[in-house]
Amino acid sequence: MKIQATKKDIESFFASRKIAIAGASRSPQKFGHMVYKDMLKKNYPVVPVNPNITELLGNTCYTSVSALPEDTDAIIILTPANQTANVIEEALAKGIKKIWIQQKSESPAAFNLLDDKNITLIAHNCIFMFMEPVTSIHKVHRWMKSTFGKMPA
């Protein structure tokens with residue numbers, strides 16, 4: 001399985017019809033809340049997934065990946081690493097073909113599930129460094145990664 005995503009993979013991910021955010025949180029201090037709120041603000045077509053809530057920032061929150069609308073074609077996984085494999089199993093069963101596993105959500109078990117699957121996988125990259133327009137410290141991180149030749153080509 002190719003883990004190193006290309007610039008084209010990332011562009012395709014953000015061009016998705018609907019992007020699920022597994023691990024969206026109601027707590028403003030949690031990364032899952034920050035990603036969801038920022039993507040909403042930037043008008044990305046996102047839907048939150050959290051088994052413990054039914055609404056987030058005024059929108060329906062789905063309790064599982066299997067409950068997502070049929071037109072969901074991408075997912076960002078922001079769950080604890082020990083839950084990521086379960087989320088991937090549900091995403092694959094749902095037919096989701098674009099998967100972004102955020103740093104700290106990655107696990108060998110999750111990557112093993114994706115071997116020989118025909119999907120776009122993005123990992124080892126922070127979502128904030130690629131959500132246009134990139135702002136704040138993430139803009140600096142992206143510049144540094146570009147300067148040292150570490151950005152996807």
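Along the axis of the charge dipole computed for the chain (Cβ charges of +1 for Lys and Arg, -1 for Asp and Glu, origin at the Cα centre), the listed residues 83, 33, 68 are led at the positive end by 33.
Cβ-Cβ distance of residue 151 and residue 57, R₀ of 25 Å, FRET efficiency by 1/(1 + (r/R0)^6): the value works out to about 0.25. Magnitude of the charge dipole for the range 43-153, about its Cα centre and with charges confined to Cβ atoms of Lys, Arg (+1) and Asp, Glu (-1), is about 560 debye. Applying the Karplus relation 6.51 cos²θ - 1.76 cosθ + 1.60 with θ = phi - 60° to the range 52-57 yields 3J(HN,Hα) values of 9, 9, 10, 8, 9, 6 Hz, where x marks Gly and Pro. Antiparallel versus total DSSP beta bridges in the chain: what percent is that, nearest 5? Roughly 10 percent of the beta bridges in the chain run antiparallel, per DSSP.
Taken over the range 1-65, the convex hull of the Cα atoms encloses 112 Å³ per residue. Please check: in the Gaussian network model of the chain (C-alpha springs, under 10 Å), which one of 47, 65, 134 has the largest mean-square fluctuation. With Cα springs under 10 Å in the chain, the top fluctuation among 47, 65, 134 is at 134. Roughly what % of Cα-Cα distances in the range 60-115 sit above 18 Å, to the whole percent? In whole percent, the long-distance tail amounts to 25.
Compared with the direct C-alpha span, the chain from residue 38 to residue 9 gains 8.4 nm at full extension, assuming 0.36 nm per residue.
Counting only Cβ charges, +1 for Lys and Arg and -1 for Asp and Glu, the dipole size of the range 1-66 around its Cα centre is about 140 debye.
Determine, at each q value in 0.11, 0.20 (inverse angstroms), the log₁₀ of I(q)/I(0) that the Debye formula gives when each Cα of the chain is one equal point scatterer. The calculated log intensity ratios at q = 0.11, 0.20 Å⁻¹ are -0.38, -1.36.
Helices assigned as whole DSSP H runs in the chain whose Cα atoms extend at least 18 Å along their own long axis and whose mean Kyte-Doolittle hydropathy is -1.0 or higher are found at 81-94.
Values quoted throughout were computed directly from the atomic coordinates according to the rules given, and no laboratory measurement underlies them. Every value quoted in this text rests on a predicted model; they were computed, and no experiment measured them. Here Cβ is always computed from backbone atoms with ideal geometry, including for glycine, and neighbour counts include all displayed protein chains.
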